[in-house]
Amino acid sequence: MSVNKVILIRHGQSKWNLLNKFTGWNDVELSELGKKEAVKAANLLKINKIDFNYSFTSMLTRSIHTLWIILKTLNKNWVTVNKDWRLNERHYGALQGLNKDETIKKYGKKKVHEWRRSYKISPPKIKNASCLFSGYDERYENIGLNNFPKGESLELTEKRVVKFWKETLLPKMKLQKKIIIVAHGNSLRALIKYLGKIDDALISRLDIPTGSPIIYEFNKNNVPVRYYFL
């Protein structure tokens, strides 16, 4: 029997989602549709009477602002907001900022699919000198330049997400916190893969739409039971 719930939400559509660009760690604002998706997500939680009193999000604006809109819509601005870089989107390396269709034309559909969906294959690494390299951003000072990701596979993304889960989130669940996590397509895919023990190959089929709440249920020992979309 499931007794605990954690809400997982991918941020609303961003301006680069709208332009079909690889975003990764680039800090991009929500589109107008993305803001509406955040409101819709909040209303779905309200209609289904799924509550929370504690929240986590990444260090990226599109996820932070999605959470803010959800809190405002539900009149829950008092809820504690915690930001953690380990919930950031997968780092897309040198692909960041590129249009996905144009990248397919240049490298081929198979190669781009591997970069986007395979578990172990990383995209080409971004260089420190790139104008899109965010390793010098003050919000990431605690990572250190030598440890800053320059291109991640889903496997590498999963390692940091699982560390966050074990070190930060599980202790809050044990304190009976009712939690919402607003993050990104790949950081949430990595988390669901870990919790559900999903096969490396099968995880490529999991698609997480923007602004769609996922409810993950756990038993009294905080062992995952099932998840479903609202």
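Mean separation of Cα pairs under 8 Å and 6 or more residues apart, divided by the residue count, gives the chain a relative contact order of 33 percent.
How big is the antiparallel share of DSSP beta bridges in the range 4-229, given as a percent to the nearest 5? Of the beta bridges lying entirely in the range 4-229, close to 50 percent run antiparallel. Each part reduced to its alpha carbon centroid, the range 95-121 and the range 2-67 end up 24 Å apart.
With neighbour counts taken as other beta-carbon atoms within 10 Å, the residues R160, R226 rank, fewest first, as R226, R160.
Taking each DSSP H run with n ≥ 4 as -39500 (n - 2.57) and averaging over every residue of the chain yields -10000 deg cm²/dmol at 222 nm. Here each label is just a point 7 Å from Cα along the line to Cβ, and for D137 and N222 those points are 2.8 nm apart. When the Gaussian network model of the chain links Cα atoms closer than 10 Å, the mean-square fluctuations of L191, L95, L145 top out at L145. For Cα Rg over 2.2 N^0.38 Å, the candidate list reads [x] 1.15; [y] 0.98; [z] 1.04; the entry that matches the value derived from this model is [y]. May I ask for the angle, rounded to the nearest 10°, between helix 32-47 and the longest principal axis of the chain, with both axes built from Cα atoms and the value confined to 0 to 90°? Helix 32-47 and the main axis of the chain meet at about 20 degrees. Rounded to the nearest 10 degrees, the angle from helix 61-73 to the longest Cα principal axis of the chain is 20 degrees.
Once backbone amide H atoms are built at 1.01 Å from N, S55 has T80, N82, I180 as its partners under 5 Å, excluding neighbours fewer than 5 places away on the same chain. The packing ranking, built from the mean of other Cβ atoms within 10 Å per residue, places the peptides 43-49, 152-158 in the order 152-158, 43-49, highest first.
Bear in mind these aren't lab numbers, they're just calculated from the coordinates by the rules spelled out. Only a predicted model underlies this, so the values are computations on that prediction, with no experimental measurement involved. With ideal geometry, Cβ positions are generated from the backbone for all residues, glycine too; neighbour counts draw on all protein chains shown.
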